[in-house]
Structure formats: structure tokens, C-alpha cells
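*Asks:* Please see the structure below; I have some questions.
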Amino acid sequence: MSDFNYSLVIPGTDSFQRTISHRTRRVYDYLAGVYPASTFLFHSKAHKCALDMAGIRDGMRVLEVATGSGEMFRRLVKANPGGSTTGLDLSPNMAARTQRRAREEFPGAKANCQAVDARHIPFRDETFDAVVCCYLLELLSTDDIAIALRECRRVLRRKGTFTLVLIGQNTDLFNRAYKVCGNIAPAFWGRQVDRRVPGMIEATDLQIVAERTVRQGFYPSRVICARR
Ligand SMILES: C[S@@+](CC[C@H](N)C(=O)[O-])C[C@H]1O[C@@H](n2cnc3c(N)ncnc32)[C@H](O)[C@@H]1O
């Protein structure tokens, strides 16, 4: 595996020198009950697109990293009723909600979600056919993005697909608004990483095979599908 290419980050341009996971965990724990509204308003279109691009088929072993309140997770379980769908999220309240809602909606499906940090995924190498991760990397420092990407690749089988959703960085006004929000509440918003992550994916030895840009109202997302 090739090492992360640090020249992709211009010194002094990254406002996130380290991951503030204790604060991120606290804020997402606190918001777990109301977070579905935000997902519905801003993320649902990109989730649909990611599901389509991930090529999930029934019977697969699927992992979702950073499930949030579980809206994408339930889409994955629905597409994979006879397989196994595993979720993880740093916030115990988010993970518990994800698991409870999936089990209520799909009682016969093999669906599990645990409170786990994406930087240390507790599964053996090549456990999953597909790994999906939506809107997590914004919350990690650049070094931790590289670590999380390596973990996603490690647990993915050869030729398996890694599908990633990022907040788009292609709209100037939105970028400025995001920067303000990120300065006010960095543990919740993080900062945009869309421009730097594709290079980091390739540096992790994952080959990008498809990309799409999605807009939901004023909120842009970028969906990237890569193969191991
Ligand atoms: C912006 S939300 C996105 C939630 C969901 N993926 C979606 O598409 O709506 C980010 C989620 O990442 C989780 N998270 C943050 N840091 C994490 C980490 N190091 N490992 C796992 N999950 C993390 C948060 O708890 C939160 O639920």
C-alpha cells in the first residue's frame, strides 16, 4: 500500500490540525434524536445516489462507517435483506438509534450497529464486500482521514467497492457559509475536504471508478465510488 502523500495538503491551509473526537461525540450524542430531520433535508438525495453507485446486492456483507441516525443504514439493510449489514458510529446514541430503527423496520434482517471509532475498525482484513461512508471525513484531521481511509480499505475485500459521500466544494457562497459554521461549531460541521480527498483515496490504493455531484437545495454533495 502506498503511503499518504502529504504534499496534497498545503501547509497552513488546514484549519483542522487534530480531530476533536471527544467534542464531536458529545455533540452528535446530544443531537441524535433530531438529526434525522437534517438528514432528510440535506443528505437524502446523496444517500440515494450513493446506494445506486455502491451496487449493493442481496446477500452481501456491507459496512457503513459513521451511520449517524441510520437513514442510509436502513436503505442498505433494505437492499440487502438476506446478507449482513454492519454499522458503526462514534456516538453511542447515534449507533443505538441506528440499530433500534433498523431492527424495528427489518426484524428479519441481519443488521448490527455499534459505537466504534472509524480510525480503529474492529474487523479482520477483507471482511466486507462493500463499505459506505457518508459525511464523516469533514470531521477528521488530515492525518486521521488517511487513517480512516486505510481502515476502510483494509476491511474491504479485493475488488470490493468503497462509496464515499463528501460535502461538495463547488459553490462559492456555500463554501463561505460553511467556513463560518465550521468556525462557530467545528465539532459538528468540521471543514470541507472535497478538494483534497480524491488524491488521498488514490494514495490509499483505491481506484476511483465513478463520481457524481448532487445538489439538495443549496447543499452540494459529491459521491465517489472506488474499487480496491
Ligand atoms: C455529519 S454526520 C453524518 C451522518 C450520516 N452518515 C449521514 O449521512 O447523515 C457525521 C457522523 O459521524 C460520526 N463520527 C464522527 N467522528 C467519527 C469517528 N471518528 N468514527 C466514527 N464515527 C464518527 C458522528 O457521530 C456523526 O454521527
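All of the numbers you see were taken from the coordinates with simple rules; none came from a lab. The structure displayed is predicted, hence computed values, not measured ones. Here Cβ is always computed from backbone atoms with ideal geometry, including for glycine, and neighbour counts include all displayed protein chains.
*Asks:* Please list, in order along region 186-192, the HN-Hα scalar couplings obtained from phi with the Karplus expression 6.51 cos²θ - 1.76 cosθ + 1.60 (θ = phi - 60°), rounded to whole Hz, x for Gly and Pro.
*Replies:* Karplus values, whole Hz, x for Gly and Pro: x, 5, 9, 8, x, 8, 6.
*Asks:* Can you give the Rg and Dmax of region 18-76 based on its C-alpha atoms, in angstrom?
*Replies:* Both quantities, over Cα of region 18-76: 13.4, 39 Å.
*Asks:* Let me ask something else. Specify the residue with the greatest mean-square fluctuation among Pro107, Pro36, Pro198, computed from a Gaussian network of the chain linking alpha-carbon atoms under 10 Å apart.
*Replies:* Fluctuation is largest for Pro107.
*Asks:* A further question follows. When all C-alpha to C-alpha distances in region 94-160 are sorted into bins of 10 Å, what percent of pairs does each bin hold, rounded to whole numbers?
*Replies:* P(r) for region 94-160, in whole percents per bin: 19, 42, 34, 5.
*Asks:* Using a Gaussian network model on the chain with a 10 Å cutoff between Cα atoms, which of Ile56, Ile20, Ile184 fluctuates the most?
*Replies:* Its mean-square fluctuation being the largest, the pick is Ile184.
*Asks:* Calculate the FRET efficiency for Asp52 and Glu105 from the Cβ-Cβ distance with a Förster distance of 22 Å, rounded to the nearest 0.05.
*Replies:* The formula returns an efficiency of 0.60 here.
*Asks:* Then there is this: How large is the convex hull of the Cα atoms of region 184-228 per residue, expressed in Å³ as a whole number?
*Replies:* 98
*Asks:* Amide H of Phe128: which non-local residues (sequence gap of 5 or more, or other chain) have their own amide H closer than 5 Å, using H built in the peptide plane?
*Replies:* Leu156, Arg157
*Asks:* If you average 1/r over all unlike Cα pairs in the chain and invert the result, what Kirkwood radius do you get in angstrom?
*Replies:* Numbers: mean 1/r = 0.0574 Å⁻¹.
Kirkwood hydrodynamic radius for the chain: 17.4 Å.
*Asks:* Nearest 500 deg cm²/dmol is fine: what mean residue ellipticity at 222 nm does the chain get from its DSSP H runs of n ≥ 4 alone, each adding -39,500 (n - 2.57), divided by its residue count?
*Replies:* -11000 deg cm²/dmol
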